[in-house]
Amino acid sequence: MVTIIELTDRQVKIVEIVKERGPITGEQIGEILNLTRATLRPDLAILTMSGILEARPRVGYYYNSQSGNTLVARAIGKIRVKDVKSLPVVVREATTVYDSIVTLFTEDVGTLIIVDSEGNLNGVVSRKDLLKIAIGGSDTHKIPVSMVMTRMPNIVTVSPEDTIFQAAKRLIVHEIDTLPVVRTFALPNGLERQEVVGRITKQQLRNCLLSSVKGIIRWKIT
Ligand code: ADP
């Protein structure tokens, strides 16, 4: 669960007062809450810095109705792939199509990542790739997954440092469900190797978005 902003009860009250009566000065808010302006200063600073309230000199505080969207965008811009990625479900190139299908079921995933003996990315295989070969009547016990996978260099990946916004864009643009999370190392011969360190799925990004929005909805943005 990623909670972006947790306002205190007092901060929520302040937002509600400003929404209802703004523009309103700090003193007036203090009078309503029976608190001094000095006591409220840190709360007002947090609320203005986060963009929920805006302050105009000699006018007072007013509510920024755009702040919900801004905060969601800001929140998503800050969450990194490494914060939400899960363990990759991997098989080797020689694994049969049959065993790959069994792994899909036992691991409860829609896509398998194919790696070499050092954990480097070789390819991915989706449930439809496997389904296609299975309904085609081939002997799934004999065909290795390498025959049906999408292989490097055509694999779309993300790095742990990328934001989930970048990951979401790649999933949408390439119309796929899963991205392998890889760390890239340069080899002495000028080539690169990509070590698989996780996976990111559409489902995870949906959950992540929902948790971010929940954190923000806590203070009832309308
Ligand atoms: P499905 O095929 O079950 O609908 P996807 O939409 O994820 O699942 O996959 C569509 C096609 O894209 C498949 O052929 C799959 O091998 C390929 N694919 C899946 N993930 C990736 C990826 N990260 N990079 C490149 N190709 C991918």
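The values are calculated or read from the model by the stated rules, or taken from the named source; none is laboratory data. All values derive from a computational prediction rather than experimental measurement. Ideal geometry is used to build each Cβ from the backbone, glycine not excepted, and the neighbour counts take in all protein chains shown. Accessible surface areas use protein heavy atoms only, side chains included; no ligands, DNA or RNA. Shrake-Rupley method; radii C 1.70, N 1.55, O 1.52, S 1.80 Å.
Worth pointing out:
- The amide H of E93, built 1.01 Å from its N in the peptide plane, has V115 as neighbours under 5 Å, considering only residues 5 or more places off or on other chains.
- Surface accessible to a 1.4 Å probe, per residue, for the residues of the chain, Å²: 58
- Count of lysine pairs in the chain with Cα separation under 19 Å (8 or more residues apart, or interchain): 15
- Across region 25-31, coupling constants 3J(HN,Hα) worked out from phi with the 6.51/-1.76/1.60 Karplus curve, θ = phi - 60°, read 7, x, 5, 5, 5, x, 4 Hz, and Gly and Pro carry x.
- Environment charge at L40 (Cβ cut-off 15 Å; Lys +1, Arg +1, Asp -1, Glu -1): 0
- Cα long-axis angle, helix 37-49 against the chain (0 to 90 degrees, to the nearest 10): 30
- In Hz, Karplus ³J(HN,Hα) per residue of region 103-111 (6.51, -1.76, 1.60; θ = phi - 60°; x = Gly, Pro): 5, 4, 5, 5, 8, 6, 10, x, 9
- Taking amide hydrogens as placed 1.01 Å from N in the peptide plane, the amide H of I79 sits under 5 Å from those of I164, each at least 5 positions away in sequence or on another chain.
- Heavy-atom surface analysis with a 1.4 Å probe gives the chain a carbon and sulfur content of 53 percent of its accessible area.
- Neighbour net charge for V97 - beta-carbon separation under 11 angstrom, K R +1, D E -1: -1
- Pairwise label distance in nanometres, T106 with H174, each label 7 Å out on the Cα-Cβ vector: 2.7
- V156-E195 FRET efficiency (beta carbon distance; Förster radius 25 Å; 0.05 resolution): 0.95
- Magnitude of the charge dipole, region 43-155, Cβ model with Lys/Arg +1 and Asp/Glu -1, debye to 20: 520
- Cα-centred dipole magnitude for the chain, charges only on beta-carbon of K, R (+1) and D, E (-1), debye, nearest 20: 680
- Length gained when the stretch A134-Q203 is fully extended (0.36 nm per residue, less Cα-Cα span): 22.3 nm
- Only helical runs count toward this figure. For the chain, summing -39,500 (n - 2.57) over DSSP H runs of n ≥ 4 and dividing by all residues gives -13000 deg cm²/dmol at 222 nm.
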